[in-house]
Amino acid sequence: MVTDNNKILVWDAPTRVFHWLLALSFAGAYITSESDRLMGVHLTLGYTMVGLVAFRVVWGLIGTRYARFTSFIRGPEAVAQCASDMLQLKPKHSVGHNPLGAVSIVLMLLATLVVVYTGWVYFNGAAHSVKEIHEGAAGLMLAVVGVHVAGVLLASVMQGENLVGSMISGYKQGLSKDKIGWSWWPLALVLVCCVLGFWYLQWQSPVVNTQGGSGYQSEGHGYSNPGRYGSQGWRGGDDD
């Protein structure tokens, strides 16, 4: 029987760092999406999200037990059963991600790629319809995140376990035989350094193309003005 005293290491440090960096990057990108002045921040955070997803895909193949996709991606029957258990307020305890959580994770990874790709294409001169796809994908991702957060909070209450806290500490309720052996904190540190290093480089030489894409120029975003961001990094420009 699993009790509150059976705390085992489940989430390795790279998985936890990825989780919070992706959440921070998406929140920052969403908040800055309408600001001309902060477009450099918006683009940088978008590219950061792609890098994080690339890392997660690799780590999902070679990472620790509960980080690997094979440990939590299940078929439709398992997802339906998990949803039924949740609706009946009788969720089964899962050491790693449950099947519903797995669905939200996959959707968020895929949505990230669609959001960033369409944003990049539009910024480099695509038609306005691409912007609509970009915004729609971002809205879908926000909805998935909202459902994911709600599900985590609901499961935390029903299971009597702080699942948000476990993604910070790495520890969950479980049996000793189910724990992972090491947190891989050096790799997590490397991941943080890579992200911070990328942000620093973008502050010095921003990703904003000062010649601009025709899509943004035609809507008055003003990136055709050379040097608008070039000399001021993320800090230049005026809001719409």
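Some points to look at:
- Whole-percent carbon and sulfur share, accessible surface of segment 57-176, 1.4 Å: 70
- Sequence-distant lysines (8 or more away, or on other chains) whose Cα lies within less than 30 Å of K90: K7, K172, K177, K179
- When the convex hull of its Cα atoms is viewed from all sides, segment 28-159 shows a mean projected area of 9.2 nm².
- Stokes-Einstein D in µm²/s, Kirkwood radius over Cα pairs - segment 64-129 at 20 °C with 1.002 mPa s viscosity: 153
- Length released on extending from A150 to L189, taking residue separation times 0.36 nm less the Cα-Cα span: 11.1 nm
The values are calculated or read from the model by the stated rules, or taken from the named source; none is laboratory data. Source: prediction; values computed, not measured. Heavy atoms of the whole protein, side chains included, go into the accessibility calculation; ligands, DNA and RNA do not. Shrake-Rupley method; radii C 1.70, N 1.55, O 1.52, S 1.80 Å.
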